[in-house]
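Q: What follows is a single structure, and I will ask about it in a moment.
The values are calculated or read from the model by the stated rules, or taken from the named source; none is laboratory data. Just so it is clear, the model here is predicted, and its values are computed rather than measured. Backbone-built Cβ (ideal geometry, glycine too); neighbour counts: all protein chains shown.
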Amino acid sequence: MEKQIADLVILNAKQLLTMKPIPPLDDEGEDNPLGLIEDGAVAVKDGKIIAVGKTNDVIKQIDFGKNTVHIDANKKVVMPGFVDPHTHVVFKGTREREFLLRQQGVPYAKIKKEENTTIISTVRWTRKASYEELLDITKNHIYKMIDWGTTTLEIKSGYGLNLEEEIKILRIAKYFKEYSPLNIRSTLLAAHVVPPEYNMRSEKYVELVINDIIPIITKNNLADFNDVWCEKGAFTREQAKKILKAGFDYGLRPKVHADEISDAGGAKLAAEVEAISADHLVHSSEEGLKKMKEAGVVAVLLPITTYSLGECTFANGKKMLDMGLTVALGTDYNPGTAMSPSMPLVISFAVVRLKMDIVSALYGATLNAAKAIGMEKEVGSLEVGKRANINVLDIQNYEEIPYRIAENYVERVISNGEVLK
Ligand code: NIG
Ligand code: FE
């Protein structure tokens with residue numbers, strides 16, 4: 001068979017993490033759960049991986065042309081681009097005052113009365129922004145994510161809360177899906193909170209979501225998933241179930257903001273509606289988690305949110321792993337509870353506060369995160385045929401990833417074969 005001319009090669013990685021476990025050679029052989037290759041290389045053509053292995057072997061498998069780009073990863077770690085399966089990146093404005101008040105222990109009711117606080121203020125600013133302005137702001141948020149090595153992300157709506165504004169936000173997500181080199185999935189979160197114009201009439205708003213917003217969003221192919229915040233002050237279990245079932249009938253796989261502030265039965269609900277993922281899970285009951293496991297719902301944990309809320313109780317990642325759940329990690333990037341674009345920081349929190357082992361934390365930020373958005377066949381590991389989403393990290397050992405807290409060692413970022421950093 002004729003050899004292919006690579007567009008891009010990354011050679012001599014000290015450690016290349018493929019995220020495809022390599023079985024031991026014999027009974028005495030060691031496990032290699034990360035599929036780690038020493039002195040590894042990866043070759044890319046037309047945005048896809050065409051060879052991966054030891055540098056010497058990869059060099060033999062491909063041809064080099066005069067336009068082949070070489071990246072020398074000498075003494076560095078190479079791994080798949082991070083997958084962030086939960087973000088609210090389409091927003092205008094910041095809410096630092098609310099963040100600071102919270103850390104001083106100011107009660108929620110008081111924070112609500114302050115100006116420029118709570119989700120509704122973000123809704124007001126976001127509604128006022130034109131499509132073009134919001135697109136520019138979102139670009140800025142996404143550049144920051146790329147800087148930290150994210151090449152795949154999920155984008156939620158939820159700061160529009162009416163048909164026109166939810167469309168505006170999801171059209172921005174669609175713009176990045178179509179015109180950026182990143183891998184994007186989008187989620188309708190019309191049921192984030194009840195908008196002010198429906199105060200005390202939440203049932204009416206639920207009807208609007210079910211009868212108008214979901215049908216029109218799906219008709220225009222603007223979302224892949226349908227999400228609801230199931231919590232006191234947002235939507236009840238019954239309302240959430242109705243909305244998620246309605247979305248399901250229109251082909252939108254459910255997601256749930258579940259048990260973030262209290263045990264609102266979100267984990268169980270996610271299992272009942274066959275959600276692809278349930279996210280947050282800080283206060284979920286063991287029974288709810290068991291149901292999720294049985295139904296194959298991915299657990300998405302968002303530790304930056306817990307930190308930013310000033311809470312001490314984090315989701316019990318270790319327990320979920322012991323129960324056999326598929327655990328993914330995300331930033332929850334949003335102006336209220338998680339103003340951070342950094343997946344490496346999330347991995348630090350996962351290890352320190354969720355007590356996840358390093359292997360599980362790395363899967364959580366790559367392949368398992370891809371599972372949470374239905375993209376595991378395309379992204380999340382370095383395998384021939386998959387999209388070429390690759391990070392070069394300026395560290396010598398993957399165990400430094402959680403250890404170097406808030407240091408940006410992400411040196412090169414490649415998404416679909418394009419060098420972005
Ligand atoms: O995931 N839980 C609800 N939504 C966001 C917060 C959004 C905001 O405060 O603006 C979250 O934490
Ligand atoms: Fe969220």
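Q: If we keep just the residues of region 325-379 that are assigned by TED's automatic domain parsing to the domain that holds T87 and free of Cβ contacts under 8 Å to residues at least 40 places away in the same chain, which is nearest to ligand 1 (Cβ to nearest atom)?
A: The selected residue is T337.
Q: So is N162 assigned by TED's automatic domain parsing to the domain that holds I243 and surrounded by fewer than 21 Cβ atoms within 10 Å (Cβ to Cβ) or not?
A: Numbers: assigned by TED's automatic domain parsing to the domain that holds I243: yes; surrounded by fewer than 21 Cβ atoms within 10 Å (Cβ to Cβ): yes.
Yes.
Q: Starting from residues that are over 18 Å from the mean Cα position of the chain (by Cα) and of a type in the set (A, V, I, L, M, F, W, C), keep the ones in region 137-183 and report whichever is nearest to N391 (Cα to Cα).
A: Once the filter is applied, the top-ranked residue is I137.
Q: Oh, and also: What number goes with the only condition from (1) surrounded by fewer than 19 Cβ atoms within 10 Å (Cβ to Cβ); (2) at positive phi; (3) not charged (D, E, K, R) that G265 does not pass?
A: Of (1) surrounded by fewer than 19 Cβ atoms within 10 Å (Cβ to Cβ); (2) at positive phi; (3) not charged (D, E, K, R), only one is false for G265: (1).
Q: While we're here: Out of R102, R95, R127, report the one residue that is more than 28 Å from I276 (Cβ to Cβ) and crowded, with 21+ Cβ neighbours inside 10 Å.
A: Working: R102 fails: crowded, with 21+ Cβ neighbours inside 10 Å; R127 fails: crowded, with 21+ Cβ neighbours inside 10 Å.
Exactly one residue qualifies, and that residue is R95.
Q: With the condition kept exactly as written, say whether any residue in region 307-321 is free of Cβ contacts under 8 Å to residues at least 12 places away in the same chain and farther than 24 Å from G380 by Cβ.
A: yes
Q: Looking at (1) closer than 30 Å to A41 by Cβ; (2) crowded, with 24+ Cβ neighbours inside 10 Å; (3) not small (G, A, S), find the lone condition where D332 falls short.
A: Unmet for D332, out of (1) closer than 30 Å to A41 by Cβ; (2) crowded, with 24+ Cβ neighbours inside 10 Å; (3) not small (G, A, S): (1).
Q: Would you check which residues across region 228-270 are assigned to a loop (DSSP other than H, G, I, E, B) and closer than 20 Å to Y159 by Cβ and list them?
A: The answer is E231, G233, A234, L252, E260, I261.
Q: Something else about it: Considering only region 291-377, give the helices (runs of 4 or more DSSP H) lying wholly within it that have at least 3 residues that are of a type in the set (A, V, I, L, M) and more than 15 Å from ligand 2 (Cβ to nearest atom). Write out each step before concluding.
A: Working: elements: 303-308, 317-322, 343-352, 358-364, 367-372.
Qualifying helices (runs of 4 or more DSSP H): 343-352, 358-364.
Q: Hey, another quick one. Where in region 88-179 are there helices (runs of 4 or more DSSP H), lying wholly inside it, with at least 3 residues that are in contact (Cβ under 8 Å) with a residue 40 or more places away in the chain and within 13 Å of ligand 1 (Cβ to nearest atom)? Quick ask: steps written out before the conclusion?
A: Details: elements: 96-103, 108-113, 118-128, 131-147, 163-179.
Those helices (runs of 4 or more DSSP H) span 96-103, 118-128.
Q: From I216, I243, I261, which residue is within 16 Å of ligand 1 (Cβ to nearest atom), out of contact with any Phe, Trp or Tyr (no Cβ under 8 Å at 6 or more places or on another chain) and over 29 Å from R387 (Cα atoms)?
A: Going through I216, I243, I261 in turn, just one is within 16 Å of ligand 1 (Cβ to nearest atom), out of contact with any Phe, Trp or Tyr (no Cβ under 8 Å at 6 or more places or on another chain) and over 29 Å from R387 (Cα atoms): I261.
Q: While we're looking at this one, here's another question. Conditions first: (1) in contact with a strand residue (DSSP E or B) (Cβ under 9 Å, 6 or more places away or on another chain); (2) within 13 Å of F82 (Cβ to Cβ). L345 passes all but one, so which condition is the exception?
A: Among (1) in contact with a strand residue (DSSP E or B) (Cβ under 9 Å, 6 or more places away or on another chain); (2) within 13 Å of F82 (Cβ to Cβ), the lone unmet condition for L345 is (1).
Q: Let me ask something additional. In region 15-44, what count of residues is obtained for those that are crowded, with 18+ Cβ neighbours inside 10 Å, part of a strand (DSSP E or B) and not β-branched (V, I, T)?
A: 7
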